[in-house]
Structure formats: structure tokens, C-alpha cells
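Structure, as C-alpha cells:
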Amino acid sequence: MKEYKKLRGEIIDRLQKELKDSRYRHTLGVESTAVALARRFGADEQEASIAALLHDVAKYVPAEEQLEWIRKGKIGAQFPDIDQYPKLLHAFAGAEICAHDYPQLPECVIDAIRYHTTGRSHMGLMEKIIFAADYIEPGRVQFIGLQEAREQTFADLDLGVGLILKQTIAYLEQNGAPCFPLTQEAYKHFVDDSMNVLEKLPGV
Ligand code: DGI
Ligand code: FE
Ligand code: FE
């Protein structure tokens, strides 16, 4: 990536200003995990680093401002009820903000930011890496299934994504939170359909 070092430095400065401390540390954990996954699965490590650094950049942008970015952005018209899913806004808004602020970034980096929370069916390699790295980064507070998700992801990225989707949907059900259509489609693709992940996963 052209001028990677300079860009990374600029982004680090921005994150230190715009993110809370704990979110900043999480972001660096996602970066190191994403770079490791990129090396393991043959993706561009610099692109993984930048996508990871930017994935939560919109976390503290006011909700109304996030909605404005989304409404005028790529998927706004597709999901008019997006305001019913407050936890998802930062991913969709973050992608629009980054496409605007860093026009040099490739589409795969922007899409990795856009789909890092929900996933989607037919995710590209960079999307899978950021989706998984966000979930398994070393700073995540321990919860049931985290260690298995880590091991599974480094063994087989598709199986890792499938396991993470399965655990996320179980978590949403437990908490009575609605599952977003993209997450349902991702689950169908990675867990139910072609990949038959469930049959390959030991006792989950
Ligand atoms: O931003 P992070 O905290 O690092 O992690 P994230 O972007 O994966 O956001 C996780 C939150 O998003 C978590 O509280 C669960 C929620 N979430 C993930 N998928 C869905 C969802 N919430 C709803 N309502 N529907 C989803 O499909
Ligand atoms: Fe996030
Ligand atoms: Fe995150």
C-alpha cells in the first residue's frame, strides 16, 4: 500500500483523539490479530492493518450523524429501518466516513469495515478477517466459546466465521435482540448451506 507508514500514523493519531482508551486498546488488538490472520491466510497485511484500525472509528460519532452518513451512503436505501439497530450503525457509518476521508483505500477495506459487525453471505477474505479478528482479539473479556473461536479461526477461517456467527445469533436470542437480515443471510451461508459448517464443528 502506498505510504502505509504515514497513513497508519495519521490514523493512530485520529483514534487516540476520537476513541475511548479501552476502545483504542481493543482496536490495536484487532489490528495485531487481523495482521496475523492475513499472514496465515494470504491477505495483504497492510490492508488488514488499516481496515482493523478503522473498523470502530465511528463508534463515538453521534447516532444522528451516523444515520446521515448511512442514509446518503451505499446501503442506506436497502435498509430503511437501520435506526432500529443502534449497535450496527457504527459499522455502516464507519465505512462511509472512511470512504470519504481515505479515498485511496481499496473497496475490500471499506467493505471489511462496513460488514464487520453483521457479516454477510459471500464475504471476501478481508471481510472475514476483520469480522473474526474483532471477535477473537486478545483483549476480549473471556466468555464461553471464545477460546474455541480463536482456535477454529486460525485453523480454518470459514469454520471460524461460522462458529462466530452461530455464537452471535445465540447471544442475540438470549438477549431478545433482533437479528439483522445480513447476519441471518451470513448464518445461512456459512452455517446451514454450502459449507455445512455445523457438521464439521465438534459439539457446539
Ligand atoms: O464494536 P465492537 O463492540 O467491537 O463489536 P461489534 O461491532 O461486533 O458489535 C457487537 C455488538 O453488535 C454486540 O452487542 C452484538 C451486536 N450485534 C451483532 N450482530 C447483530 C447485533 N445486534 C443486532 N441487533 N443484530 C445483529 O444482527
Ligand atoms: Fe464494531
Ligand atoms: Fe470492534
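The values are calculated or read from the model by the stated rules, or taken from the named source; none is laboratory data. Bear in mind that the values here come from a model prediction, so they are computed numbers and not experimental data. Note that each Cβ is placed from the backbone with ideal geometry, even for glycine, and that neighbours are counted across all protein chains shown.
Please enumerate the residues belonging to segment 144-171 that are touching a helix residue (DSSP H, G or I) at 6+ places or on another chain (Cβ under 8 Å), within 15 Å of ligand 1 (Cβ to nearest atom) and of a type in the set (A, V, I, L, M, F, W, C).
Of everything in segment 144-171, those that are touching a helix residue (DSSP H, G or I) at 6+ places or on another chain (Cβ under 8 Å), within 15 Å of ligand 1 (Cβ to nearest atom) and of a type in the set (A, V, I, L, M, F, W, C) turn out to be L146, A149, V161, L163, I164, L165, I169.
Looking only at residues in segment 66-81 that are touching a helix residue (DSSP H, G or I) at 6+ places or on another chain (Cβ under 6 Å) and farther than 20 Å from P178 by Cβ, which one is surrounded by the fewest Cβ atoms within 10 Å (Cβ to Cβ)?
G73
Can you tell me which residue within segment 40-70, out of those that are aliphatic (A, V, I, L, M) and in a loop (DSSP other than H, G, I, E, B), is farthest from ligand 2 (Cβ to nearest atom)?
Filtering segment 40-70 down to residues aliphatic (A, V, I, L, M) leaves 43, 48, 50-54, 57-58, 61, 63, 67, 70.
Retained after the next criterion (residues that are in a loop (DSSP other than H, G, I, E, B)): 43, 57-58, 61.
Working: A43: 19, V57: 10, A58: 9, V61: 12 Å.
Ranking the candidates gives A43 first.
Restricting to segment 11-39, count the residues that are crowded, with 22+ Cβ neighbours inside 10 Å and away from ligand 2 (no atom under 12 Å from the Cβ).
Going through segment 11-39 one residue at a time, the tally reaches 5.
Considering only segment 183-204, how many residues are away from ligand 3 (no atom under 16 Å from the Cβ), at pLDDT 95 or above and touching a Gly at 6+ places or on another chain (Cβ under 7 Å)?
1
Could you list, ordered by first residue, the pairs with Cβ atoms under 7 Å in which the first is in segment 47-73 and more than 19 Å from Y24 (Cβ to Cβ) and the second is away from ligand 3 (no atom under 16 Å from the Cβ) and in a loop (DSSP other than H, G, I, E, B), at least 6 apart or interchain?
E47/M1; E47/P106; I70/G76
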